[in-house]
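The block underneath contains the structure these notes are about, expressed in structure tokens.
The values are calculated or read from the model by the stated rules, or taken from the named source; none is laboratory data. All figures in this text were calculated on a predicted structure; none of them were measured in a lab. In this analysis, Cβ positions are derived from the backbone assuming ideal geometry, glycine residues included, and neighbour counts consider all displayed protein chains. When the accessible area is computed, the model is the full protein with side chains, heavy atoms only, and any ligands, DNA or RNA have been set aside. Shrake-Rupley method; radii C 1.70, N 1.55, O 1.52, S 1.80 Å.
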Amino acid sequence: PDMAAEKLLPEDEFLFMACDGVWDVMSNQEAIDFVRVRLSQGETSLSKICEQVFDQCISEDPRRTSGLGGDNMTCVIVQFNVKQ
């Protein structure tokens with residue numbers, strides 16, 4: 001797995017971690033944009049956003065997509081500095 005230590009900055013919004021079942025289908029930027037849009041639309045349930053990520057990534061027929069969207073999928077979103 002890829003790991004890095006980073007200092008949190010005031011502009012950091014969230015951390016998105018996922019397994020290869022998600023990364024096989026989405027790029028880093030696509031995943032960040034996906035989460036950011038839902039948060040900006042007022043979605044507060046991070047687990048619901050994860051479910052939406054899976055719905056976006058899953059293939060109806062992995063045979064047609066050469067297996068993409070057919071792998072196991074896990075993700076975690078940690079939101080920083082939530083303004084109340």
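If you go through segment 2-22 one residue at a time, how many are open to solvent by 100 Å² or more (accessible area, probe 1.4 Å), free of Cβ contacts under 8 Å to residues at least 60 places away in the same chain and either under 21 Å from L39 (Cα atoms) or part of a helix (DSSP H, G or I) (or both)? Final tally of qualifying residues: 1. Among the residues of segment 40-51, the ones that are in contact with a helix residue (DSSP H, G or I) (Cβ under 7 Å, 6 or more places away or on another chain) and farther than 14 Å from T74 by Cβ come to 1 in all.
Taking segment 23-42 as the search range and keeping residues that are in a helix (DSSP H, G or I) and of a type in the set (A, V, I, L, M, F, W, C), which one is surrounded by the most Cβ atoms within 10 Å (Cβ to Cβ)? Please lay out each step first, then the result.
Initially, segment 23-42 is screened for residues in a helix (DSSP H, G or I), giving 23, 28-40.
Among the residues that remain, those that are also of a type in the set (A, V, I, L, M, F, W, C) are: 23, 31-32, 34-35, 37, 39.
Details: W23: 17, A31: 21, I32: 14, F34: 17, V35: 23, V37: 11, L39: 17.
Looking at the filtered set, the residue picked out is V35.
Would you please name the residue that is modelled with the lowest pLDDT, looking only at residues in segment 52-64 that are surrounded by 14 or more Cβ atoms within 10 Å (Cβ to Cβ) and of a type outside the set (F, W, Y)? Among them, the one singled out is S59. Only one of the numbered conditions (1) surrounded by 12 or more Cβ atoms within 10 Å (Cβ to Cβ); (2) at pLDDT 95 or above; (3) of a type outside the set (K, R) is violated by S45, and that is (1).
Filtering segment 4-22 to residues that are farther than 25 Å from T44 by Cβ and hydrophobic (A, V, I, L, M, F, W, C) leaves A4, A5. Entry remark, segment 3-38: residues being within 14 Å of I58 (Cα to Cα) and hydroxyl-bearing (S, T, Y) number 0 in total.
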